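Peer 1: Below is one structure. I have some questions about it.
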Amino acid sequence: MRLDGRHILVTGAARGLGAEIARSLAAAGASLILADIAEDEGRATAEALGATFLPVDLGDPASIEALAVTLSDITGGALHGLVNNGAIATGIGGIGFEDVEIETFDLVQRVNVRGTWLMTRAAAPLLRASGSGRVVNMASDTALWGAPNLISYVASKGAVMAMTRSLARELGPDRIGVTAVAPGILTTESTDYVPEARHRLYAEGRAVPGPQGPEEITDVVAFLLSEGALTLTGQVLPVNNGFVFS
Ligand SMILES: NC(=O)c1ccc[n+]([C@@H]2O[C@H](COP(=O)([O-])OP(=O)(O)OC[C@H]3O[C@@H](n4cnc5c(N)ncnc54)[C@H](O)[C@@H]3O)[C@@H](O)[C@H]2O)c1
């Protein structure tokens, strides 16, 4: 899959899955812009890939708007791909729904749900201008099978799936494709809270048994960002080695 000449923004790309996606897109020849709230880590990741780094707080509408202005300058006003990967994914698992703080629940929705909407809204004019814009939203299969002790996150990822379908209809007339990827529980730092025994259960429950690493998601994301992926618009794709089927 080649993405030469395509300007692609990946949010939450400082580390974890976002950084892995960025590595893969850079190898495919994309012209990459990485954005994250973690500035030092994000700059280091971008520098290693020859990408541009832009700071953003997805929980802050003004920060997203400022990012879009700079993005327009960098890309000459045309963005081919947006990967809405940035999210609060670390530090919120393993807590029963009765014990989650209301502030935490609200913050997770603000960043993961509202941030995805506002980032897509800010990028929409640039995606239209490219003539073949693609949006890939990062969902999670935890919202499909109902992972316990993760209520704020699961709620946010369910909303991301629903928004994907709605955005696909609104942006389809402009030939912009919107899809979501729903990975399984990966071997990233954000899932360190999951006990080893449970990781083993997930691994054994997959049609293709074994742990799943972030590098197993990237080819699908690259394809969804390509010109040929428009017919998949609106789809939520579980990319989880067959743990749960859509
Ligand atoms: N790791 C998994 O098992 C898994 C499974 C399914 C889906 N996902 C999704 O993949 C994405 C990446 O997850 P990860 O495991 O790499 O987690 P992570 O916590 O390592 O990475 C999340 C990234 O988002 C950034 N971020 C957080 N809040 C932000 C904000 N307000 N503004 C801008 N950036 C912000 C972080 O700095 C970080 O770089 C998330 O959307 C997550 O929900 C992860």
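We did not get these values from a lab; they are worked out from the coordinates using the rules stated. Quick caveat, the model's predicted, so the values are computed rather than measured. Methodologically, a virtual Cβ is constructed for each residue, glycine included, from the backbone with ideal geometry; neighbour enumeration extends over all protein chains shown.
Peer 1: Which residue is farthest from the ligand (Cβ to nearest atom), if the candidates are limited to the range 62-75 and must be farther than 13 Å from I33 by Cα and in contact (Cβ under 8 Å) with a residue 40 or more places away in the chain?
Peer 2: E65
Peer 1: List every residue pair whose Cβ atoms sit under 6 Å apart, with the two residues 6 or more apart in sequence or on different chains, where the first one lies in the range 184-207 and is touching a residue at least 12 places away in the same chain (Cβ under 8 Å) and the second, anywhere, is part of a loop (DSSP other than H, G, I, E, B) and among the aromatic types (F, W, Y).
Peer 2: G184/F243; G205/F243; R206/F243
Peer 1: Would a scan of the range 42-49 turn up a residue that is more than 22 Å from T188 (Cα to Cα), in contact (Cβ under 8 Å) with a residue 12 or more places away in the chain and of a type in the set (G, A, S)?
Peer 2: no
Yes/no per residue for (1) under 25 Å from T90 (Cα atoms); (2) touching a helix residue (DSSP H, G or I) at 6+ places or on another chain (Cβ under 8 Å); (3) part of a loop (DSSP other than H, G, I, E, B); (4) within 14 Å of the ligand (Cβ to nearest atom):
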position	(1), (2), (3), (4)
G5	no, no, yes, no
L25	yes, yes, no, no
E47	yes, no, no, no
L54	yes, yes, no, yes
G77	no, yes, yes, no
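Peer 1: List every residue pair whose Cβ atoms lie under 7 Å apart, where the two residues are 6 or more positions apart in sequence or sit on different chains, the first residue falls within the range 142-162 and is over 15 Å from L237 (Cα atoms), and the second residue, located anywhere, is of a type in the set (G, A, S) and surrounded by fewer than 18 Cβ atoms within 10 Å (Cβ to Cβ).
Peer 2: Filtered contacts from the range 142-162: N149/G94; N149/G96; V154/G146.
Peer 1: OK, next. Regarding T187, is this residue over 22 Å from F97 (Cα atoms), of a type in the set (V, I, T) and out of contact with any Gly (no Cβ under 6 Å at 6 or more places or on another chain)?
Peer 2: no
Peer 1: Okay, next question. Looking only at the range 79-110, which residues are over 16 Å from the mean Cα position of the chain (by Cα), in a loop (DSSP other than H, G, I, E, B), in contact (Cβ under 8 Å) with a residue 40 or more places away in the chain and more than 20 Å from D57 (Cβ to Cβ)?
Peer 2: G93, G94, G96, F97, V100
Peer 1: Could you tell me which of the residues S132, S152 is surrounded by 16 or more Cβ atoms within 10 Å (Cβ to Cβ) and in contact with a Phe, Trp or Tyr (Cβ under 6 Å, 6 or more places away or on another chain)? Working first, answer last.
Peer 2: Values: S132 fails: in contact with a Phe, Trp or Tyr (Cβ under 6 Å, 6 or more places away or on another chain).
None of the other options fit; the residue is S152.
Peer 1: Follow-up question, since we're still on this one. Within the range 159-184, which residues are surrounded by 22 or more Cβ atoms within 10 Å (Cβ to Cβ) and either assigned to a loop (DSSP other than H, G, I, E, B) or away from the ligand (no atom under 15 Å from the Cβ) (or both)?
Peer 2: Correct list: L167, I176, G177, V178, G184.
Peer 1: May I pose another question? Anything in the range 111-151 that is assigned to a helix (DSSP H, G or I), near the ligand (Cβ under 10 Å from one of its atoms) and not polar (S, T, N, Q)? List them, or say none.
Peer 2: V111, G115, M119, A143
Peer 1: Surrounded by fewer than 22 Cβ atoms within 10 Å (Cβ to Cβ), under 24 Å from F245 (Cβ atoms) and of a type outside the set (V, I, T): is that true of A124 in this structure?
Peer 2: Values: surrounded by fewer than 22 Cβ atoms within 10 Å (Cβ to Cβ): yes; under 24 Å from F245 (Cβ atoms): no; of a type outside the set (V, I, T): yes.
Taking the combined requirement at face value, the residue does not satisfy it.
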